[in-house]
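This report concerns only the one structure given below.
Here, each number is a calculation from the coordinates, and none is a lab measurement. Just so it is clear, the structure is predicted and the values come from calculations on it, not from any experiment. Ideal geometry is used to build each Cβ from the backbone, glycine not excepted, and the neighbour counts take in all protein chains shown.
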């Protein structure tokens, strides 16, 4: 196969033409990497012994009786 697929002068043409859209709503802040997110979850659930859900949920009621 001689040559390349498409010329290098056209590389990145479409990406440069698309308009940049600002983040809004749910996606307004970047997510933390999973390693950091899971470390924070571990700290709140096991080290601080706090339940992450709503106060009246079944999981929260069960976690109160484990102590």
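Some points to look at:
- Taking one quarter of the surface of the C-alpha convex hull of the chain gives a mean projected area of 10.0 nm².
- Exposure proxy shown here: for 46, 51, the number of other Cβ atoms within 10 Å sets the order, fewest to most, as 46, 51.
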